[in-house]
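The values are calculated or read from the model by the stated rules, or taken from the named source; none is laboratory data. Note that the coordinates shown come from a computational prediction; the quantities given were computed from them, not determined experimentally. Here the Cβ positions follow ideal geometry from the backbone for every residue, glycine too, while neighbour counts run over all protein chains shown. With ligands, DNA and RNA removed, areas are computed over all heavy atoms of the protein, side chains included. Shrake-Rupley method; radii C 1.70, N 1.55, O 1.52, S 1.80 Å.
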Amino acid sequence: MSDVPVVGLEDVTQVYVTDREATLAIDRFSLTVQTGEFVSLVGPSGCGKTTILSMIAGLLLPSSGQVHVLGRAVQGPTPVVGYMLQQDYLFPWRTILENAMIGLELTGQKDETSRAYTLHLLEEMGLQHTANMYPHQLSGGMRQRVALVRTLATKPDILLLDEPFSALDYQTKLQLEDLVAFTMKQHKKTAILVTHDLSEAVAISDRVIVLESHPGRLRKEFQIPDAIRNAEPFYAREQEGFNALFHEVWKELETTERRTT
Ligand code: ADP
Ligand code: MG
């Protein structure tokens, strides 16, 4: 295995220019993510979390600074990076299997092998019986699992997850956290999660990055102790030290928000 980081952002700045003003969304932000790491980004609304993911995904080029994925400068979207959003964006007129295979279709990889792999992923997510159903026949949690299958089907090395659990009820969200954490480990994926749920960030991650806003900047980084990060997210919340760490992250975020509001 090489020691080139999977994702590297170096002194990245992002300025949004509209006809009325220029917004400094991200100011000299750096981040290095290693293979197999699970990193969460937390911070007040508007601090630039989605902007950071969009730059890693190649949907947005930085105004200055460098973004590298697998050692290469990002110049546009690549199949190496999968992006999963809060909204599942399933097409209502397509079956679940057809929805799950859309990325394969768009990238010209739709064949018997990739179809079999997608069915296998659906099975892993407990969705094998839904392959020929339509999105409206599924619950919100099931639809998010389909979105996860769709993201994994093209075999990206890196998954970007932008608040994928925030529209779900609490119980479904806890179940999906465990499933996502397990799946990322099982498939040896690197993951970057954006969440506004601090307890989720601490429970699911190896590392939590706290951002401050206006402009978006790195505020503080928390390395999650082994006992917590090695437990499934549901049980991580019961580990010794979890509450203390949660409060530390909370305080950091609270002072950030007080400074900016
Ligand atoms: P977050 O995901 O943390 O809520 P965003 O990355 O969406 O934050 O936004 C960061 C900042 O950039 C905000 O101030 C937002 O208003 C601004 N912004 C985001 N996208 C655009 C855009 N397309 N045009 C202009 N400003 C934008
Ligand atoms: Mg966002």
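Conditions tested, residue by residue: (1) within 16 Å of ligand 1 (Cβ to nearest atom); (2) touching an Asp or Glu at 6+ places or on another chain (Cβ under 7 Å); (3) open to solvent by 10 Å² or more (accessible area, probe 1.4 Å).
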{"position": "Thr51", "(1), (2), (3)": "yes, no, yes"}
{"position": "Gln66", "(1), (2), (3)": "no, yes, yes"}
{"position": "Gln75", "(1), (2), (3)": "no, no, yes"}
{"position": "Tyr83", "(1), (2), (3)": "yes, no, yes"}
{"position": "Ile96", "(1), (2), (3)": "no, no, no"}
{"position": "Leu106", "(1), (2), (3)": "no, no, yes"}
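Only one of Leu168, Leu90 is part of a loop (DSSP other than H, G, I, E, B), in contact with a Gly (Cβ under 7 Å, 6 or more places away or on another chain) and over 30 Å from Pro5 (Cβ atoms). Can you tell me which?
Working: Leu90 fails: in contact with a Gly (Cβ under 7 Å, 6 or more places away or on another chain).
After ruling out the rest, the residue left standing is Leu168.
Of everything listed in (1) surrounded by 14 or more Cβ atoms within 10 Å (Cβ to Cβ); (2) among the hydroxyl-bearing types (Ser, Thr, Tyr); (3) within 13 Å of ligand 2 (Cβ to nearest atom), the single unmet condition for Thr13 is (3).
Taking the criterion of being acidic (Asp, Glu) and in a helix (DSSP H, G or I), the residues of the range 221-261 that qualify are Asp226, Glu248, Glu252, Glu254, Glu257. Residues that are more than 22 Å from Gly43 (Cα to Cα) and surrounded by fewer than 18 Cβ atoms within 10 Å (Cβ to Cβ) within the range 235-255 comprise Tyr235, Glu238, Glu240, listed in sequence order. Considering Gln175, Gln223, the condition of being touching a residue at least 24 places away in the same chain (Cβ under 8 Å) and open to solvent by 80 Å² or more (accessible area, probe 1.4 Å) is satisfied by Gln175 alone.
Filter the range 21-49 down to residues that are assigned to a loop (DSSP other than H, G, I, E, B), more than 7 Å from ligand 1 (Cβ to nearest atom) and open to solvent by 20 Å² or more (accessible area, probe 1.4 Å), then give me how many there are. Spell out how you get there, then give the answer.
Quick first cut of the range 21-49, residues assigned to a loop (DSSP other than H, G, I, E, B) only: 21, 34-37, 43-48.
Remaining after also requiring more than 7 Å from ligand 1 (Cβ to nearest atom): 21, 34-37, 44.
Next, from what is left, pick out any that are open to solvent by 20 Å² or more (accessible area, probe 1.4 Å): 21, 34-37.
Number satisfying all stated conditions: 5.
Within the set Thr183, Thr151, the sole residue that is open to solvent by less than 60 Å² (accessible area, probe 1.4 Å) and touching a residue at least 60 places away in the same chain (Cβ under 8 Å) turns out to be Thr151.
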